[in-house]
Amino acid sequence: MNYEERCASASKAQGIDEIVTALSSLGIKATSEQTGGFTMCAYVELSGGKYIYANPYGAGLYDEDGYIADITQHDEETTPQAIAQAIKNYIDKN
């Protein structure tokens, strides 16, 4: 399995593809990205050098200096739709 295939497999197994799809259904462009060690996240690019990383446990806001704040965080896996809606709500308010 090559690198791209491993990333795609990890993204699917970790539920990231479902978050990317849920974001897309809300009109938000997102991609699946590797953060290291085949740990995947949904990535949403914002203006001003900011971006969002999301996984089934939540979403956070970042910039080139690193972590800024949580958008939503959960102790247990949450539905892709709930994560996507929290991201949409954040984007709509900001």
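For the chain, the dipole from Cβ point charges (+1 on Lys and Arg, -1 on Asp and Glu) about the Cα centre works out to 240 debye, to the nearest 20.
Across the chain, Cα pairs under 8 Å and at least six residues apart give a relative contact order of 22 percent. Straightening the chain between residue 65 and residue 10 buys 17.2 nm, computed as 0.36 nm per residue apart minus the Cα-Cα spacing.
Compactness of the chain, taken as the C-alpha radius of gyration over 2.2 N^0.38 Å, stands at 1.02. By how many degrees, 0 to 90 and rounded to 10, does the Cα axis of helix 80-93 deviate from the longest principal axis of the chain? Value to nearest ten degrees: 40.
We did not get these values from a lab; they are worked out from the coordinates using the rules stated. As the structure is a prediction and not an experimental result, all values here were calculated from the model. We place every Cβ from the backbone using ideal geometry, glycine too, and count neighbours over all the protein chains shown.
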